[in-house]
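Worksheet: one structure, shown below.
Since every read-out is calculated from the coordinates, none of them should be taken as a lab result. A quick note: this is a predicted structure, and the numbers were derived from the prediction, not measured. Glycine gets a Cβ as well: all are built from the backbone with ideal geometry, and neighbour counts include every protein chain shown.
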Amino acid sequence: MKLRRLIGFNLLTAVILGVIGFYVGWWLGSLFTSESVAYLKESNQHDISLFIGYFTGVLGFLVGLGFANYPVQRMLGKPASLREKETQGKTRYLGLCTDHKVVGLQYLIGIGAFIFIGGLNAMLIRYELITPNQHAWNGNNYLTLVGLHGTMMMGMMTSGILGPFANYLVPIMIGARRMAFPRIEALTFWLLMAAGAILMTAIAFGGFPTGWTGYAPLIDQANMGVDAYIAFFAIVGLSMCLLGLNMVATVITMRAPGMTWGRLPIFVWGQFSTAILMLLAPPVLISTLLMVMLDRTAQTGFFNDQIGGSSYLYENLFWFFGHPEVYILALPGMGILLEILPVFTRKPLWGYKLAVSGLMGIALLSWLVWQHHLFMSGINADLRPFYMLSTELISLPTGFIFICALGTLWAGRIRLTSPMLFCLAWLFNFLIGGLSGVFLSDVPSDVTTHGSFFSMAHFHYTIMGALLFSFFGGIYFWLPKMTGIKLNERLAKAHFWVMFISFNCTFGPLLVIGFLGMPRRAVTYAGYLQGANTWVSVSAFFLGGSMLIFIFNFVWSLVFVREPAGDNPWNSKSIEWQLPSPVPVHNFDRIPTFGPDPYPYGNVGSDAVPSMPAVTPARPTQ
Amino acid sequence: MSSSAADGNRRHALRIAALTVIATAIALPLVILVLGPNMPPGKDTTAGVSQVFDNTVLLVVMTPFTMFILIFILYSVLAFRVRPGDNDQRDGAAIRGHMPSQIVWLATTTAAVLFLAIFGSAELLASNGAGGGEGPKPIAKPSGSVFQVQVIGQQWEFTYRYPSYGGVETAQLVLPVGQEIEFHVTSLDAVHSFWAYELGVKADANPGVDNVAFVKVKKPGTFQIRCAELCGLWHGYMFDTGRVVSQSQFATWIAGQQRTFAGSQQYLPKYSLTYTPDPQDRAG
Amino acid sequence: MSVQAQKIAAVVAGVLAIGVGIGAYVTFLTGGPTPYQVPVANTASGKSVNLTLQTVATIGPKLAPNDAWVSYLIRENGVWHRSTVWTLPANTVVHVTLYNYDGQSGLRNPFLSQARGLVGGSFQLNGKSMTSINPDVASHTFAIPGLGLIVPIMGVDGNAKNQCGDAPCNVSMAHETITFSFNTGKKGHYRWQCFVPCALGFLYGFGGPMQTIGYMDGFVNVV
Amino acid sequence: MTELAHHSTDYSVVESESPDVMGRNLRVGAHLWSSATAFFFVAFLFTYFYLRSLNNHGLWRPKGVNAPVTLGTLIAVAVALSAIMTFAAARKLRAGDRSAFRSLGVVALALGLAAVVLQIVVFATVGFGPTDGAYASVFLAWSGFYMVFVVGTMYWLEVLLATSFRYRGHGAAARPAPGEASGDAHRMGDDIASPISLQSPGADAFAFTWGVLAGIGVITWIILYLI
């Protein structure tokens, strides 16, 4: 039995099969010859081999994890299965497991690791920018670092909250025992990990100079390293699409009795609106990247103007995905914000309907704005007023989120715990991010800010300042529930203050630097900007240091101290806190029935007693 | 809710309103008189002037909202937080919304957004595109005569052609002062972006595409040129310094250029708005 | 071994592993060509530097991983090396002798077939003084845009005898000799590149060797 | 994370999931997947009309780049017929006629695979290559990736048929052996009560998905071959 476990379908087998698969694919690719790929001989570029290698490698990896068992069985007509009964023991975290809580924690660790790699790249970029001239990273490496940082963050953080938190919490919050498609849920995670490994191989093939946007025709022209970017983003796109599909289906079909749409926790609404975008936007990205792949291998001419293609085509297709993408990054954070605020203000969510319409409104409007990334490109110049309007309209639903947050703070009994601090920081950062966004949405001022460090600082305020802060808020809030162990609150607050201050010291000045004329992704800059850039680099290193505080807290609390958190340390009233920590495998013994009020906080009269939880699901017998 | 608590909340609301008004009253003059006029990219060109004005208006519209949100958060955290050691376990008041304030918020934000959109569009048309790339057929263009300059992006250098001087191509960008300039930006390979910072001009250079931008420089001087779109290995080194000179100086300079580059000019293709240079792709 | 000790050991091992990983990553990124200190000759007419280069159509497997790529080579005390990062003294006249063994590709922008920024304003092509060449027969250019320097390099005629194969080539093979001088001017860190789309098999002929330091691109440190 | 690892639930008190949940999931999932598929091809649709309208250097569709209309029409017809068949088959199954479902399904499967074969013939015989202008690029990429989707969908149909054939003897209360589903005897699977009970919703979901994909196929045919 033990031996069987060792040679069975697990991570070890997966890695071995993945590597074998890669080399088999590489060899297969080397067999391709035809006049349209004659360029291979004279350019030393093995794009075809590399693409096929990546594809077969991922295939081998998934087979090794055991993802092939089920489809093959089904081909033979074996019946469908609800899900494998979860194997007990630590090993289930190292392989294919269909328990949504295990997948959630796998996501937390896996994505966390890749976020820190992306952050390391950011540190290296800032190190280069201490001086106005190239001094640290040789040759193409600076651009490669920029590309790796952007691509890694964009690819991983899109699932950064839906992966860990939504996978873990949404089924519990809607009173279900599982996601709608548990195997697909596991698949999305392992696809993401495979993709991350692929992106890391870019440096082995000469890196890529295209940044995370990979504009054509530069991407057609670049060295082999860019194939890793293409494969990474295509696989991440697939993972995102399936994750979104699973999430939407779960919220639609798996809700418990009494959990009507009007009673969904706002967190679930945030994930739901995100999941809709995640379902529909990535397919466009995937087909775009497949076109690029064909341009690079079969010599099609989608983005090559000299055989009838167009560089505008890529910009249109990419941003048609790309703009929903950036709201995929913003919406789940809003969900976490509005979910945590009531707990620590001890008040119901203020303006529930307004918040929901805000989330859905953003999701809807995000489809109509993509050409504001192309204001200076000369595409449809006559349409710029329309895109200016649609872009600025987005600040209305965003304003809903703000007014709901402010209303929830109003007259509450605010407890400044670490999750609460991260939420307040979210409000501040996203305010700055939103205001700077107005400059970019307004064409005349966009003339100067477009493609400068201003726009870079802007989206770091909205993505890092909002998404990453709510990510950490979520970790400090829910990790006790997920692991049953308390994180050190003092260290948490230290982490917060260092991160918050150094974050603003980093990106606040960058807004100004952009206004003063520093273009994005340029390794050199004008001498008069050196002082500001050095300051930014130093505070960026502090920002990196704050992450070390977090890691130390994480390891210290979870490995050494291991202080039990109890079932409901925050005295929250939402359902997941009524379950034992950590949540048992099947969540509930009997599916709960939900009451009318998702946020039963607050006193009706000044002399009221602490109110009781709205739902009391039967606790699993231990 | 008991009357005492209601009175308390009314007092808080009045305080927040007062603070917001005061802060806005203090901030607005500073924004209009101090910050606004010093907004980039400077007032030496028509495009620059319109952008500075635009930035100032945006700041003015933003100020009250920013003040309100910041003061509200700060005040609530200070006034409503539970002090450490306060063992009162009661919850906050069960307020689930407040229709009037929701309506007011929606109305004000909508008004601001619509104003900004209309103002931005008007400003865009009034200022001939404010120096931004307007594609091959610009809708907002200056009346009267314009001086055409072509900007050719290539990996990794900008070169410039002056059609009104026999299409002479030069390595430096020199412009006559007080003259309405019409930039025609195009590329021979990857996507570049022509950014003349002090002029307040930015226009992407796409292969096989003509992108037009207008600007009029008021006084002589120099300006920095950067590539603002990632274009490959030497993107970070694709910068240069341009000069704005008087009409007469310009005439002598361009004559000099025509003499200096006589050698290569004979081989130049006829001036056109886009080029499809040989060798074709993959030929090498 | 107690549980606590095991935990500590595991954490320490993890930290070490990550540290090694980061170290390897950073070393990989910093690694690359080491600058070649070009020797300075003190002649009667003051300091002067001699730079001897050759350009070849295919660098060959001996000198580079990408054997089919076009490349510059530099002669370091009698031996040809593939190094494109050089250190030159400031305010010094550099005499460049360049042997081109590559064929004729043609410029995308004919304007760049005109020499700029040279001492004396002209260069010698096989001893003949010129200021520009026909862009269609250009094989490469040697350009340091930061110093306003650009020199077009004539390509070898396609049906000339005894064409050179893989680098390094020697003067017995068909080649064009270009000599010119430029002044390094003030201290700085400049890039140099080729403007001729000579990268076979890449879109616009501008990928691969044209976008990789060590082939058709490099740095000049003027100190 | 020992608590997590050693945490255990008493399965005896865990009630089993109601079987129609899976059917509902399948139907919803089919709709969502179809919408994602549509967005995948929207990119190609946009590409077609955008490049056609630009017609850079007159290279949208040079002389001699002609799509094989006859073969294309045959593909479209095969796909459409197959989709209609599956709708009929699904109705039969809902009426409880499993043998009719099988026979119709087999025909639909054959038609779908025929479309794939025809597409391969098109690629082998088409008179232009990927470098011959933008239309050629769009044509080859779009029809190629469409066939990838067709193959995947045919796999689903094959799954339905295989299950139906395997259990053709059994009544509605067929009970699989434990672990049979997961295909790994060492991973126990708690299988649904009866594999037959999933057949009808599965067939409905499949018919919808295949119907949408066939619709996309007809649009593909109109755009690539007709206009």
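Brief remarks follow.
- For residue A:16 and residue C:122, the FRET efficiency from 1/(1 + (r/R0)^6), where r spans their Cβ atoms and R0 equals 56 Å, is about 0.30.
- Degrees between helix C:3-30 axis and first principal axis of chain C (Cα, 0 to 90, nearest 10): 0
- Summary of packing: across the peptides C:67-73, D:22-28, C:181-187, the per-residue average of other C-beta atoms within 10 Å ranks them, highest first, as C:67-73, D:22-28, C:181-187.
- Mean partner shielding of peptide D:138-150, defined as the number of other chain Cβ atoms within 10 Å of each residue Cβ, is 2.
- Taking every residue in A:66-77 and counting other chain Cβ atoms within 10 Å of its Cβ, the average works out to 5.
- In nm, spacing of pseudo-spin labels at residue A:353 and residue A:75 (7 Å Cα→C-beta vector): 5.4
- Residues residue B:222 and residue B:270, FRET efficiency given R0 of 35 Å [Cβ-Cβ distance, rounded to 0.05]: 0.65
- Here the label points at residue D:99 and residue A:31, each 7 Å from Cα along the C-beta direction, are separated by 4.5 nm in the simple model.
- Karplus-derived 3J(HN,Hα), 6.51/-1.76/1.60, for each residue of the range A:235-244, Hz, glycine and proline x: 5, 4, x, 4, 4, 4, 4, 5, 4, x
- Reciprocal mean inverse distance between Cα atoms of the range B:147-265 - Kirkwood radius, Å: 14.3
- Take every pair of alpha-carbon atoms less than 8 Å apart whose residues are at least six positions apart; their mean separation over the length of chain A yields a relative contact order of 14 percent.
- Bins of 20 Å, starting at 0 and running to the largest distance - Cα pair percent for the protein assembly as shown: 10, 36, 36, 16, 2, 0
- A simple spin-label model places pseudo-atoms 7 Å from Cα toward Cβ; at residue C:95 and residue C:62 they are separated by 2.8 nm.
- For a paramagnetic label modelled on residue B:172 (point 7 Å from Cα along Cα→Cβ), amide N atoms under 20 Å away belong, within the range C:109-150, to C:111-122, C:143-150.
- Across the protein assembly as shown: Cys residues that no other cysteine approaches within a C-beta distance under 4.7 Å: A:97, A:241, A:404, A:423, A:505, B:227, B:231, C:194, C:198
- Amide H within-cut-off set for residue C:37, under 5 Å, with H built and near neighbours excluded: C:87
- Peptide-level mean, for A:515-526, of C-beta atoms on other protein chains within 10 Å: 6
- In sequence order, the range B:141-152 has phi-based couplings of 9, x, 7, x, 7, 10, 9, 7, 10, 9, 10, 10 Hz under the Karplus curve 6.51 cos²θ - 1.76 cosθ + 1.60, θ = phi - 60°, and Gly or Pro positions carry x.
- Beta bridges assigned by DSSP with both partners in the range C:37-222 are antiparallel in approximately 70 percent of cases.
- Listed peptides D:32-43, B:104-115 appear in the order D:32-43, B:104-115 once ranked by packing, highest mean of other Cβ atoms within 10 Å at the front.
- Extended-chain gain in nm, criterion 0.36 nm per residue less alpha-carbon gap, residue C:129 and residue C:159: 8.3 nm
- Debye, to nearest 20: dipole size of the range A:101-578, +1 on Lys, Arg Cβ, -1 on Asp, Glu Cβ: 1660
- All distinct Cα pairs of the range A:285-356 go into the 1/r average, and the inverse of that average, the Kirkwood radius, is 15.4 Å.
- Normalising the average separation of contacting C-alpha pairs (under 8 angstrom, six or more residues apart) by the number of residues puts the relative contact order of the range B:147-265 at 27 percent.
- Highest to lowest packing among A:261-274, B:55-68, scored as the average C-beta count within 10 Å: A:261-274, B:55-68
- The range C:37-222 - percent relative contact order, Cα under 8 Å, separation 6 or more: 26
- Global form of the range C:37-222, assessed from the alpha-carbon gyration tensor, a/c cut-off 1.5: rounded
- Selection among A:10, D:49, C:138 by position relative to the dipole of the protein assembly as shown gives A:10 as farthest towards the positive end (Cβ unit charges, Cα centre).
- R0 of 51 Å, Cβ-Cβ distance residue C:166-residue D:219: FRET efficiency to nearest 0.05: 0.45
- Residues in the range A:483-508 reached by a label modelled at residue A:534 [backbone nitrogen below 18 Å; 7 Å Cα→Cβ]: A:506
- Close amide H pairs (under 5 Å, H built 1.01 Å from N) link residue B:216 with B:46, B:47, B:181, residues at least 5 positions away or on another chain.
- Along the axis of the charge dipole computed for the protein assembly as shown (Cβ charges of +1 for Lys and Arg, -1 for Asp and Glu, origin at the Cα centre), the listed residues C:214, C:41, A:246 are led at the positive end by A:246.
- Residues in the range A:343-376 that a label on residue B:125 would reach, taking backbone N under 13 Å of a point 7 Å out along Cα→Cβ: none
- Relative to the Cα centre, the charge distribution of the range C:37-222, modelled as +1 at Lys and Arg Cβ and -1 at Asp and Glu Cβ, gives a dipole magnitude of about 500 debye.
- Whole-Hz couplings from phi, Karplus 6.51/-1.76/1.60, listed for the range B:26-43; x for Gly and Pro: 6, 6, 4, x, 4, 4, 6, 8, 9, 6, x, x, 9, 5, x, x, x, 10
- For the protein assembly as shown, the dipole from Cβ point charges (+1 on Lys and Arg, -1 on Asp and Glu) about the Cα centre works out to 2020 debye, to the nearest 20.
- Ellipticity estimate at 222 nm from DSSP helix runs (n ≥ 4, -39,500 (n - 2.57)) divided over chain B, nearest 500: -13000 deg cm²/dmol
- Near the amide H of residue B:81, within less than 5 Å, lie the amide hydrogens of A:414, all on another chain or at least 5 residues away, with H placed in the peptide plane.
- Cα gyration tensor shape of chain A, rounded if a/c is under 1.5, else prolate or oblate by comparing a/b with b/c: oblate
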